[in-house]
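To start, the structure itself, in structure tokens.
The values are calculated or read from the model by the stated rules, or taken from the named source; none is laboratory data. Values in this document were obtained by computation on a predicted structure and should not be read as measured data. Cβ coordinates were reconstructed from backbone atoms using ideal geometry, including for glycine residues, and neighbour counts include every protein chain displayed.
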Amino acid sequence: MTLPTLTQDFQELYIPFLMGSGLLIFLVAWLPLVLRKMPLSLPIICVGIGMAVYSVERLATYAVHPIDQPVLVEKAAEFIVIISLMGAGLKINRDFTWPNWHLTGRLLVIAMPLTIAALAIAAHSILGVGIATALLLGAALAPTDPVLAADVQIEKPHSPQDDEARFALTSEAGLNDALAFPFVHLAIAVAAASTFTIGSFGEWMLDAVLLKLAIGGVVGWAGGKALGWIIYRLPQAGRLSRSGDGFVALAATLVIYAGTEMLYGYGFLAVFVTGLMLRRAAPDDDFNERLHDFADETERLLMMALLVVFGGMMTAGGLFALVDWNTVAFALIAIFLVRPVAGWISMIGSPVPRAERAIISFFGIRGLGSVFYFAYGINHGLFDEPTRMWGTIGLVILISILLHGITVTPAMNFLDRQKAD
């Protein structure tokens, strides 16, 4: 598209774009109230709007395809994930003890590796892709998404609904995004190497696992401590919490993420840990609520925009056209078998009641985090059939949005009734 044509289109579509954006923002604020008791979710509505909007012939040309705009897709998904991770950290009010975090540990150490391995095997055998591509698919689809899993997480700081299921899914979504990254790097290394040796594996363990995770954890802890002192502990006249400006949460997210990435650590981990530390810097200060609310509102606005774009990617962007019966089989196995079984296995021997175990196992929601990881892998390595694999990723996410969006309200209401009895 030439510059004059683009300028002309911009002039013609600018006012309709403003109108549509305003209406969508109204929906973001209003729909959660309307849908609270219904088996629907905001992500379902946003994807449906995207499919409808981009079905208009004039707008279809603006649909995003991840092969044509790979960096845009990667960076847009990355941005919303880091905002979501800060919000998740600010929600959690539990002490760092094993009894409090044992479910999180089980999901990270047992369920996630099992999920990655099972998905990689399924991708290799059903989709016929090589080991590197199968591993990338497994790593991208294993993490519970911190963006789309909001309906099964702790709602906000001091929420009375801080049960084991909500806490486990909130903390898992906060940590497993960072812990999936080593496996994405492993897939890239396997794709680049003609032979993957013991030495290559050792180098991966040292760099992608130990060093980058350590840097992310340390920067998150130290950064959270430092920001907590600046926000809550400075002399009264200069104390940042007195400003009441919730966008401090956005500033903290960007500074910590960028700083960690500059040090070659995992920024996702650092941002979540920073959120945890900020929450503990002054747990009873009302400014905590303001920080969380701003992060939550920003996340929902970005989620709305990206899911509308995702709906367009599935239709006008051509991802639906890439789906075949093998892709459908893989997606159904990923959603209905792999995560539920891996999650249940990880909780064997846990004192958590069966109902909560079932909810934790089932609601391993796939979403924009998977988009980021797969886009990152494709942009940094050579993998089999990337276009077809984007169709697979898109279908898994779409099924997850529909299935989990329809079942989340009944499931959480059932859990709340169980706890009340």
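Could you tell me whether Ala316 is farther than 22 Å from Gly174 by Cβ, crowded, with 23+ Cβ neighbours inside 10 Å, in contact with a Ser or Thr (Cβ under 8 Å, 6 or more places away or on another chain) and not basic (Lys, Arg)?
Against the criterion (farther than 22 Å from Gly174 by Cβ, crowded, with 23+ Cβ neighbours inside 10 Å, in contact with a Ser or Thr (Cβ under 8 Å, 6 or more places away or on another chain) and not basic (Lys, Arg)), Ala316 qualifies.
In a helix (DSSP H, G or I), touching a helix residue (DSSP H, G or I) at 6+ places or on another chain (Cβ under 8 Å) and within 22 Å of Pro143 (Cβ to Cβ): is that true of Val219 in this structure?
yes
Being at pLDDT below 90, aliphatic (A, V, I, L, M) and either surrounded by 15 or more Cβ atoms within 10 Å (Cβ to Cβ) or closer than 29 Å to Leu114 by Cα (or both) is true for just one of Met303, Met347. Which residue is that?
Answer to the selection: Met303.
Out of curiosity, is Val255 of a type in the set (A, V, I, L, M) and more than 19 Å from Ala77 (Cα to Cα)?
Spelling it out, it is not the case that Val255 is of a type in the set (A, V, I, L, M) and more than 19 Å from Ala77 (Cα to Cα).
Quick check on my filter: what residues within segment 370-385 are within 13 Å of the chain's Cα centre (by Cα) and of a type in the set (A, V, I, L, M, F, W, C)?
The answer is Val371, Phe372, Phe374.
I need the full set of residues from segment 47-103 which are under 23 Å from the mean Cα position of the chain (by Cα), farther than 18 Å from Arg166 by Cβ and among the polar types (S, T, N, Q), in order please.
Result: Gln69, single match.
Part of a helix (DSSP H, G or I) and at pLDDT below 90: is that true of Ala270 in this structure?
So Ala270 fails the test.
Can you pull out the residues in segment 35-93 that are surrounded by fewer than 16 Cβ atoms within 10 Å (Cβ to Cβ), touching a Ser or Thr at 6+ places or on another chain (Cβ under 7 Å) and among the small types (Gly, Ala, Ser)?
Residue satisfying the conditions is Ser55 alone.
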